[in-house]
Structure formats: C-alpha cells, structure tokens
1. Below 19 Å, Cα to Cα, which lysines can LYS127 reach? Residues fewer than 8 away in the same chain don't count.
2. Within the stretch 117-135, name every residue whose backbone N is under 16 Å away from a label modeled 7 Å from Cα of ASN109 along the Cβ vector.
3. Contact order normalised by length for the chain, with contacts defined as Cα pairs under 8 Å and 6 or more residues apart; what percent is it?
4. For the chain, find the longest principal axis of its Cα atoms and tell me its angle to the long axis of helix 122-132, 0 to 90°, nearest 10.
5. For the stretch 83-139, what relative contact order do you get, as a whole percent, if you take Cα pairs closer than 8 Å and at least 6 residues apart?
6. Quick one: plug the Kirkwood hydrodynamic radius of the chain (C-alpha pairs) into Stokes-Einstein at 20 °C, 1.002 mPa s, and report D in µm²/s.
7. Please work out the Cα convex hull volume for the stretch 9-75 and give it in Å³ per residue.
8. Can you give the calculated 222 nm mean residue ellipticity of the chain, where each DSSP H run of n ≥ 4 adds -39,500 (n - 2.57) and the sum is split over every residue, rounded to the nearest 500 deg cm²/dmol?
Amino acid sequence: MTTATASVDIKALQKTWTAFDRIAHLRPIRTEEEYDRKVSLMNTLLDMVGDQEDHALSGLLDLVGELVAEYDTNQFAIEASEPKDVLRYLIESRGLKQGDLAEIVPQSNLSAILAGKRKISATLAGKLAKFFSISPAVFVPG
C-alpha cells in the first residue's frame, strides 16, 4: 500500500461513497438518460453555487460540468471553435449587446473574454449555457 492510500480511510470512504452515489450517480455518461440526469444535476448545482468559486459544491459542479462536456464532445463533434468566438457569435446572432448579459457577467469581464484576455470559467460556462439554452461544453476549450 502506498503512502497516499494509507492515509485514506477506505471503509469510511466506501460508506460515504455509497450514500453519495445513491444521490449523484457520478459516472461517465453513456446514454441520453444519464446525460439528461447530469445536465439536470449541473443546472441545480449552478443555481445553488452561482458564481461563488469557494462554495462547498463548486468542485462537484466542475466535475459534473466536465462529464457533460466530455459527453457532448464525443456525441456531438463539431468543428472546434474558441469559446470566445462562440460567445461572440451567440451575442451577434441574437442581436444582443454586451449589456444584455450584465446579470451573468460584468461588462469589463465580458470585454476581456471577447478580447481573449480572460478565459471562461466552468461556473460562467454554465450560466452562459443556461442563458443561451445550449450545452456548457461549447464554452470549454477543446
């Protein structure tokens, strides 16, 4: 047994995992039904976590977001685009102005994102995805 595993209480982990797994069923997504469940979980987490990066569930939100993004990438392969370009396209194609997204992201941050000076966080990707009714995976660099 390695030092890293020696410090983990496997029995406590197993008990905790069983309870957690009953609720979240956190595994790679293989079916549309599992995908729908993970997107629903992600949206619930987004509502709870918001933009609080230090929230107790922000790590879970990141993990679920990555699972959804991976499934989207594998199932709906499209030509890769930079997240900032996707965001710019969505804003322009819907006739929006930067101020229309002010409740989601401050205008200065949005300008920095569109200029390529700032990346889109997982939390912001979820909020933008919800706003535009699309998958958050489009805002994750691939």
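Read-outs: derived from the displayed coordinates by stated rules, not from any lab. Since we're looking at a predicted model, the values are computed, not measured. A quick note on method: Cβ atoms are made from the backbone with ideal geometry, for glycine too, and the neighbour counts reach across all protein chains shown.
1. Here the lysines satisfying the reach criterion relative to LYS127 are LYS38, LYS84, LYS97, LYS119.
2. The answer is 117-132.
3. Here the relative contact order equals 26 percent.
4. For 122-132 against the chain, the angle is about 50 degrees.
5. Details: 41 pairs, mean separation 22.4, N = 57.
Result for the stretch 83-139 is 39 percent.
6. 128
7. Hull volume normalised by residue count: 100 Å³.
8. -18500 deg cm²/dmol
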